[in-house]
Every structure is written in C-alpha cells, then in structure tokens.
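These notes are about the structure you will find just below.
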Amino acid sequence: MKYFEFFDRIKAWAKENNTTIEAVVSNATDKNLTVGVYHGWKLRESLPSGEYCYDIAQYMGVTCDWLISGKEPKTLPAPLPEIQFGEGRTDFVSRRISDIVSNLERLDDRSLHLASVYIQALSDAATVHSANVNKNVNGIRN
C-alpha cells in the first residue's frame, strides 16, 4: 500500500462531494484534528492512527478498508432501520432483536459487510423456500 493513496482518496472524495479536505478533516472528529496534523501525516509519509482513520471513514461514509487500501466495498452498508414493535409483541422478541443489533454494532466494517451478505443470502433462500412451499400447497389444493 502506498501511503499517498490514502490522501488521494480523501482528496478525490472531497472533490466528488463538493467539499474541501479541510472540511473533511475538521468535521470528521472532535479530537482536535486539524489540517496541519493531516498535512503532517502526509509530510512524514505516514498514516494516521486507526482511530483517526475510522473517524474520517465514518464521516465520509466509506469503509476503513477502502480508505486505506482502495479495496471494495467502498461504501458502508446501510444502517439498520429503527425497529418498531407492534402490539402483542413479547419482551423476549424485543430483547432478542436488541441483542442481535448490539452484536452487529460491535463488528468491524469487513465483518459487518460479511454479516450483511450472509443475512441477504438467508433472506433470499427463505424467499425461495417460501415460494416453493406456497407452490406445493397450491398444487395440493388444486
């Protein structure tokens, strides 16, 4: 990995989003990150700490992997929607879903992406299975 690609990706993202590197750096974190610190990393030919990389990536809506290495996927998975429980739902279901969401929130970007792929595959398989069951049930009725 060439260190300067990290900075090139930030610069390109800023341009694509009609903003400046200064705005990205100053808005990405509340840890007193300044443009001077950013340019210091560049001059020293070093990358920022993982914490700063994470903050910048989160602000930009991209993965840390992409920001550092250029590896896809570039963008973060969509955030989980707020879960609303209707009447008649048990506390058990509420707690279970809350536990699942809590576990997902602790995953790093790569693991969260993999979990998302697995969940989508399970959803697709369930849809196909449900369609096959309905087809078989309708065939029996006819």
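The values are calculated or read from the model by the stated rules, or taken from the named source; none is laboratory data. A quick note: this is a predicted structure, and the numbers were derived from the prediction, not measured. Virtual Cβ from ideal backbone geometry, glycine too; neighbours counted across all protein chains shown.
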Checklist entry - Residues in the stretch 1-44 that are assigned to a loop (DSSP other than H, G, I, E, B), modelled with pLDDT under 85 and under 22 Å from residue 71 (Cβ atoms): how many? => result 2
Checklist outcome for this item: By residue number, the members of the stretch 28-48 that are surrounded by 14 or more Cβ atoms within 10 Å (Cβ to Cβ) and within 23 Å of the chain's Cα centre (by Cα) are 28, 29, 33, 47, 48
